[in-house]
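Right, one structure below, let's go through it.
The values are calculated or read from the model by the stated rules, or taken from the named source; none is laboratory data. What you see is a predicted model, and the numbers here were worked out from it, not measured in a lab. Glycine gets a Cβ as well: all are built from the backbone with ideal geometry, and neighbour counts include every protein chain shown. What goes into the accessible areas is simple: the full protein's heavy atoms, side chains included, and nothing from ligands, DNA or RNA. Shrake-Rupley method; radii C 1.70, N 1.55, O 1.52, S 1.80 Å.
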Protein chains: 2
Amino acid sequence: MTVRYQLPSDRMPTAWFNAVPSLPEPLAPPLHPGTREPAGPDDLAPLFPMGLIGQEMATEEWIDVPGEVLDILRLWRPTPLVRARRLEEALGTPARIYFKDESVSPAGSHKPNTAVAQAWYNKAEGVTRLTTETGAGQWGSALSFACSLLGMECEVYMVRASYNQKPYRRMLMETWGGTTIPSPSDRTQAGRAILEADPDSPGSLGIAISEAVERAATQDDAHYSLGSVLNHVLLHQTVIGLEAKEQLAMAGEDRVDVVIGSCGGGSNLGGITLPFVPDKKAGADLRLVAVEPQSCPTLTEGRYDYDFGDTAGMTPLLQMYTLGHDFVPPPIHAGGLRYHGDAPIICNLVRNGWMEAVAYPQGKVFEAAIQFARTQGTVPAPETAHAVRAAIDEALAAKEQGQDRVILFNYSGHGLLDLAAYDDFLHGRLGDD
Amino acid sequence: MTVRYQLPSDRMPTAWFNAVPSLPEPLAPPLHPGTREPAGPDDLAPLFPMGLIGQEMATEEWIDVPGEVLDILRLWRPTPLVRARRLEEALGTPARIYFKDESVSPAGSHKPNTAVAQAWYNKAEGVTRLTTETGAGQWGSALSFACSLLGMECEVYMVRASYNQKPYRRMLMETWGGTTIPSPSDRTQAGRAILEADPDSPGSLGIAISEAVERAATQDDAHYSLGSVLNHVLLHQTVIGLEAKEQLAMAGEDRVDVVIGSCGGGSNLGGITLPFVPDKKAGADLRLVAVEPQSCPTLTEGRYDYDFGDTAGMTPLLQMYTLGHDFVPPPIHAGGLRYHGDAPIICNLVRNGWMEAVAYPQGKVFEAAIQFARTQGTVPAPETAHAVRAAIDEALAAKEQGQDRVILFNYSGHGLLDLAAYDDFLHGRLGDD
């Protein structure tokens, strides 16, 4: 019985889908942090190459993927679409559950889809080094991977507490030749200022961003790279949903009822859902669902407003749902979902009723993750497990209503480097958040 | 440019290939450890189900894979065959390098191919619990995975030193519902005897085998399961080579010049090479290559003799290359290759000149692993890196000789739970073994 739908290499998408022209209302522009006037390309040029700035502001619907980017993506793409038959059977549901398996990339998540593209556009404009920040290390490892394959240097500022507690992703970055620096560091003014006040500072994502941005802004050969939130990042992730649509057709489905993704900054969610936005616009009876942690409920409880992307207030302001740029989420295991805001594109969809949002506490998320691992076999990342939880609840609702529901969710990454979280759950050490 | 060759689900092999009838000389029978007479099915019945004992002694060439086993294997099979073009370019070789990617299984290695089959045959005969031993945890996690999907219990005796130092695979086993017991334990006479003499014993694979075997032999509902060496284990792994042959044809290759696998007990090596034995028998100009660690050089320096499978001398004696059942290999990072003997089928091939063997020190193995990770993107397991080293050396030899060589190796597993080994290598802490 076929459960995995595999597109041949030559049917991998060769253009990204830009959802911006299809959004329910025009995207509000980013504002300059100093003047609070709309920010233009020149404001972004110290940090990003023009190739990516152009994509950030693009209005055309399709943007070609460069050939060398395609060649690298083909190391693991197209990714499989999998029918979760064993999970369906365990739930006794009439629903058909499909997931798009982005965990098969070398870094184990969807993040390399944009890391490779970003590194390539930087290299094309003569940049030889990228700087970035990372919390638990998923984004830092994806960018290290991409830089490794393109012969670039990668400088990752990793929150010191994670650097000490989670050595595996640091080791993975170094295996790919990335330089991992515990943040705060003495390499930047921002870092030195923090260390002067508190030599034992555990660091924070906000501090790490400041360090990575400062390094990029003050060095000619370096640029900065961001793994989520921005339009061009979501653009690069649309290969996920584009492939999934073709694969659903291969599986004999002529419709999908609900498309689900977990949401931190919004990149994997955008990747799976944005190619369905034109269907939504055309009036399709199709639900798009964002799943977030109850302890960081941006879409379900945030206010819709302009806010900074970072803690220190150095980045442009974006219109989004936000808990405030000084909000510090509890240290839940789904580190990739601990962000105070969301991608403006995602917020635009939620604001206008084209996307729903739901929030779960992590205990219920890990229950779903364990059920998935023991029926389907693979262990989801804690972030991904949020989408698994929502997919299971959709399937159970379909059972209760006797409905033939077609469910698609994004399996954004595996949990092999997050097993300590499972250990905490199985031994009753998980918090209530 | 296509680099991944993917068979559709319906072309996954539905029968295993039994190489025994094609071997250069008849396999010598196992001997009973007490009488030293040839062991029969009844001697093995306390530990194994008759379905597997039948396969251990089978003389037919093809054995059907049960439907439910096929259904579970299809969760990740057929696995991709990948052309390592980026590695070829980095080496500047005219050789074409292909690898069979067995790392895509839920447990991250080839081990589930036999774990699922073994669990199924046990379940079919009413066994509800399997016991086994594990060193670093690869086999224990594969069997926990298989038992989880078949609704069976799994009891894994894990060498205490590994249990304490390598918690991630223990956590993975527990995520699948397996019970992991540090060995020596107080659950068995064997364990209690050791603990009485030395309450702080770090354990050994030999002690863990004794505990797992004792539990299976003394409890009606339990059987024992072994992850390598035996004929039926290699049989279950032949799906690897059977798929690879079809995929090489898809890639347009009408021949392969050298087929490579790393060798500990011989199961992944057997999986990739045994389907090529009939070609060898028919006189094909084809080399089969076993790669082992220099610190545990069974095939290259062992004596060909009957020896016990375990340290304590409780198992049947097998005819094989052995370093002696009391040989204790240095604690190299490729824990899965630290075994004093090899599968009798593999030894038969080497003894008769149908297979070559080569040994490498681990420094050269990790050099190859890093080169692979930085060109192809994925991080190989230390065991797998032995095959990577040999494939690179074959490609370099082809370059020197200006030869158009077609190389196939088994990418038996990923190294995401072995990153501490990479960390040791990158920071100069690796021993010379």
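If B:Leu242 passes every condition in (1) farther than 20 Å from B:Leu130 by Cβ; (2) within 14 Å of chain A (Cβ to nearest Cβ); (3) among the hydrophobic types (A, V, I, L, M, F, W, C) but one, which one does it miss?
The one condition B:Leu242 does not meet is (2).
Quick one: in region A:106-128, which of the residues that are more than 20 Å from the chain's Cα centre (by Cα) and aliphatic (A, V, I, L, M) is farthest from A:Leu417 (Cα to Cα)?
Checking each candidate, the answer is A:Ala124.
How many of the residues in region B:268-322 are assigned to a strand (DSSP E or B), of a type in the set (Asp, Glu) and open to solvent by 30 Å² or more (accessible area, probe 1.4 Å)?
The qualifying residues number 1.
Hey, B:Ala216 hits all of (1) within 17 Å of the chain's Cα centre (by Cα); (2) within 21 Å of B:Gly54 (Cβ to Cβ) but one; which does it fall short on?
Exception for B:Ala216: condition (1).
State whether the residues of region A:328-344 include one that is open to solvent by 20 Å² or more (accessible area, probe 1.4 Å), modelled with pLDDT of 95 or more and under 27 Å from A:Gln362 (Cβ atoms). Steps first, answer last, please.
Applying the first criterion (open to solvent by 20 Å² or more (accessible area, probe 1.4 Å)) to region A:328-344 yields A:328, A:330-331, A:333, A:335-336, A:338-339.
Now restrict to residues that are modelled with pLDDT of 95 or more: none.
No, because not a single residue in region A:328-344 is open to solvent by 20 Å² or more (accessible area, probe 1.4 Å), modelled with pLDDT of 95 or more and under 27 Å from A:Gln362 (Cβ atoms).
Give the number of residues within region B:265-322 that are of a type in the set (S, T, N, Q) and under 14 Å from B:Gly341 (Cβ atoms). Show your work before the answer.
Let us first name the residues in region B:265-322 that are of a type in the set (S, T, N, Q), namely B:267-268, B:273, B:294-295, B:298, B:300, B:311, B:315, B:319, B:322.
If we keep only those that are under 14 Å from B:Gly341 (Cβ atoms) too, we end up with B:267, B:298, B:300, B:311, B:315, B:319, B:322.
The number of residues fulfilling the criteria is 7.
Can you list residue pairs whose Cβ atoms sit under 7 Å apart, with the first residue in region A:291-307 being more than 18 Å from A:Ile345 (Cβ to Cβ) and touching a residue at least 24 places away in the same chain (Cβ under 8 Å) and the second being of a type in the set (D, E, K, R) and open to solvent by 10 Å² or more (accessible area, probe 1.4 Å)? Count only pairs 6 or more apart in sequence or on different chains.
Correct list of pairs: A:Gln294/A:Asp433; A:Ser295/A:Asp433; A:Cys296/A:Arg338.
What residue, among those in region B:1-52 that are of a type outside the set (Lys, Arg), open to solvent by 40 Å² or more (accessible area, probe 1.4 Å) and not in a loop (DSSP other than H, G, I, E, B), is nearest to B:Gln237 (Cα to Cα)?
B:Pro21
What do you reckon, is A:Glu68 open to solvent by 70 Å² or more (accessible area, probe 1.4 Å) and over 15 Å from A:His232 (Cβ atoms)?
Considered against the rule, which asks whether it is open to solvent by 70 Å² or more (accessible area, probe 1.4 Å) and over 15 Å from A:His232 (Cβ atoms), A:Glu68 comes out as yes.
Residues in region B:76-83: is at least one in contact with a helix residue (DSSP H, G or I) (Cβ under 6 Å, 6 or more places away or on another chain), modelled with pLDDT of 95 or more and part of a helix (DSSP H, G or I)?
No.
Condition first: under 17 Å from A:Gly413 (Cα atoms), open to solvent by less than 10 Å² (accessible area, probe 1.4 Å) and of a type outside the set (A, V, I, L, M, F, W, C). Can you find one or more residues in region A:121-130 that meet it?
Among the residues of region A:121-130, not one is under 17 Å from A:Gly413 (Cα atoms), open to solvent by less than 10 Å² (accessible area, probe 1.4 Å) and of a type outside the set (A, V, I, L, M, F, W, C), which makes the answer no.
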